[in-house]
Ligand code: CP
Ligand code: NVA
């Protein structure tokens, strides 16, 4: 079964072949002459959390490839009334050819994969966001050439998106610098695993030190969906510790000349990133969002046909 569960669970050549497919789809070369490689196939998407880009890029991508799409969420399905992931998955596997799941807990994604009769794609969990980082690698390479041997700096909260960047550093051979407050550093076990797998990973607490020599600065929301910051006082303290990590023009100037800025979106202007940076000439966030769709096509193509695997 060709599940797309996480970047660190797939071999480097499979990831590269998915990116090659994405580039070919973007150029209109993957399905020449109006070929519809997903004709007769159905994608089911299951959402336990909101989404704009992931939902729409998968839906439009699948439809452009000739396939059908069905979408359920926690609140409008029997999942909201307690039907288990296992039972939901067994049923969806009878209707659909591939399932994409955005879930609150990584354990639910693994539960789905264990009970699925069709490939399962990780559309974001509390621990990772692999589809996003595949699009980010594609976007980096469009702007700056091959990512191998280059330097990417993450600044802010060491969250799920950061974890997928760390996973990618292993397979795509770039240096990953991660600057976070100590309390929001990436999970120690994940870091150990990535280093053991060969990641060139530098963890720091100083944002300016973090971006030194970086070809790309990346950040993300300071408040991920499902975050556990539940009181006003906790929220104030959480934001306060992240203030020194805002990506502004001064921080961009401290990176390598010509560095690009990435953000998976949605963004809070003037919180994790200044308006001048996200709307400025170094920002590639709209290409990044567009590339989600080309990459989803590559992932769907690989899951459904095994092309390039
Ligand atoms: N970047 C991303 O996954 O966006 P959505 O939450 O809108 O899907
Ligand atoms: N880290 C964010 C990413 C949103 C696409 C979250 O999990 O909410």
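A few notes on this one:
- Residue exposure proxy: 52, 180, ordered by other Cβ atoms within 10 angstrom of their Cβ from fewest to most, comes out as 52, 180.
- Quarter of the Cα convex hull surface for region 97-212, i.e. its orientation-mean projected area (nm²): 7.9
- With 10 Å bins from 0: P(r) over region 258-309, alpha-carbon pairs, percent: 23, 37, 23, 15, 2
- Note on the chain: GNM, Cα springs under 10 Å; of 247, 60, 161, the largest mean-square fluctuation is that of 60.
- Proportion of all alpha-carbon pairs of the chain beyond 38 Å (%): 11
- Counting only alpha carbon atoms, the long axis of helix 160-172 and the longest principal axis of the chain meet at about 80°.
- Kirkwood-type hydrodynamic radius, region 1-129: 15.3 Å, calculated from all non-identical alpha-carbon pairs.
- Shape category assigned to region 173-309 from the gyration tensor of Cα positions, a/c cut at 1.5: rounded
- Shape call, region 27-97: gyration tensor on alpha carbons, a/c limit 1.5: oblate
- Relative contact order %, the chain, counting alpha carbon pairs below 8 Å whose residues are six or more apart: 22
- Once you reduce region 1-47 and region 87-140 to the center of their Cα atoms, the two points are 14 Å from each other.
- By the beta-carbon count within 10 Å of each Cβ, the least crowded to most crowded order of 299, 85, fewest first, is 85, 299.
- Footprinting exposure proxy ranking of 235, 201, fewest other C-beta atoms within 10 angstrom first, gives 235, 201.
- Mean residue ellipticity, 222 nm, helices only, the chain: the sum of -39500 (n - 2.57) across DSSP H runs of n ≥ 4, divided by residue count and rounded to 500, is -13000 deg cm²/dmol.
Just so you know, all these numbers are worked out from the coordinates, no wet-lab data involved. The structure displayed is predicted, hence computed values, not measured ones. Positions of Cβ are backbone-derived with ideal geometry, glycine not excepted, and every protein chain shown enters the neighbour counts.
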